[in-house]
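Heads up: the structure comes next, in structure tokens.
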Amino acid sequence: MNNIERNKQNMNKFKDCINTNDKILAEELIDSKAEFASLISEEKLYGGSGYLSVVDFMRRSFSDIHWEIIDMAAEDDKVAVNWICTGTHDGDFMNFPANGKKFSFNCMNFYYFNEEGKIIKDVAAQGLIGLLQSLGMFKSVK
């Protein structure tokens with residue numbers, strides 16, 4: 001299997017990892033030195049445990065949050081993923097009280113891999129704005 005196919009296969013495992021909060025799988029798929037910026041921490045987060053801390057944060061506000069891969073494209077050391085994220089706002093989120101609303105939004109992420117096939121970088125596009133729009137907390141300009 002070439003690196004591109006391996007990285008795509010690892011993205012499917014990564015989807016399972018974030019949907020099940022599997023710490024062992026996170027350590028297998030995410031390099032321990034991978035650095036992630038997040039709204040939940042002023043400090044950088046590292047590795048699988050750092051990444052899953054963001055997932056844990058989301059689950060406290062949206063207990064049934066779920067990610068599905070809609071489309072994926074890969075080349076060299078990167079994979080672009082179009083996700084659909086669904087859930088219910090059943091816990092406080094960034095000073096917004098739970099409102100019970102269901103949400104669904106698309107987001108795009110670019111994942112970069114090292115030679116061992118582990119994620120070393122995740123670059124998100126839109127993401128949070130799509131969530132806030134679908135919950136009625138942010139109005140887009142038309």
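Restricting attention to segment 81-126, the residues being in contact with a Cys (Cβ under 8 Å, 6 or more places away or on another chain), small (Gly, Ala, Ser) and without any contact (Cβ under 8 Å) to a residue 24 or more places away in the chain number 2. For the structure I just gave you, tell me whether Tyr46 is hydroxyl-bearing (Ser, Thr, Tyr) and crowded, with 18+ Cβ neighbours inside 10 Å. No, not satisfied.
Taking the criterion of being touching a residue at least 60 places away in the same chain (Cβ under 8 Å) and among the acidic types (Asp, Glu), would at least one residue in segment 64-76 satisfy it? Yes, segment 64-76 contains at least one residue that is touching a residue at least 60 places away in the same chain (Cβ under 8 Å) and among the acidic types (Asp, Glu).
Residues that are in contact with a Leu (Cβ under 8 Å, 6 or more places away or on another chain) and β-branched (Val, Ile, Thr) within segment 78-126 comprise just one, Ile119.
If you take the residues in segment 87-110 that are of a type in the set (Gly, Ala, Ser) and under 20 Å from Ala125 (Cα atoms), which one is surrounded by the most Cβ atoms within 10 Å (Cβ to Cβ)? Only one residue tops the list, namely Gly87. For segment 1-21, a tally of residues being part of a loop (DSSP other than H, G, I, E, B) and aliphatic (A, V, I, L, M) returns 1.
To keep it simple, each residue is scored yes or no on (1) of a type in the set (Gly, Ala, Ser); (2) over 18 Å from Val123 (Cβ atoms); (3) more than 11 Å from the chain's Cα centre (by Cα).
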position: Thr20; (1), (2), (3): no, yes, yes
position: Trp67; (1), (2), (3): no, no, no
position: Glu75; (1), (2), (3): no, no, yes
position: Ala80; (1), (2), (3): yes, no, yes
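Number of residues in segment 1-27 that are free of Cβ contacts under 8 Å to residues at least 24 places away in the same chain and of a type in the set (Lys, Arg): the value is 1.
We did not get these values from a lab; they are worked out from the coordinates using the rules stated. All values derive from a computational prediction rather than experimental measurement. When we count neighbours, we look across all protein chains shown, and the Cβ atoms used for this are built from the backbone with ideal geometry, even at glycine.
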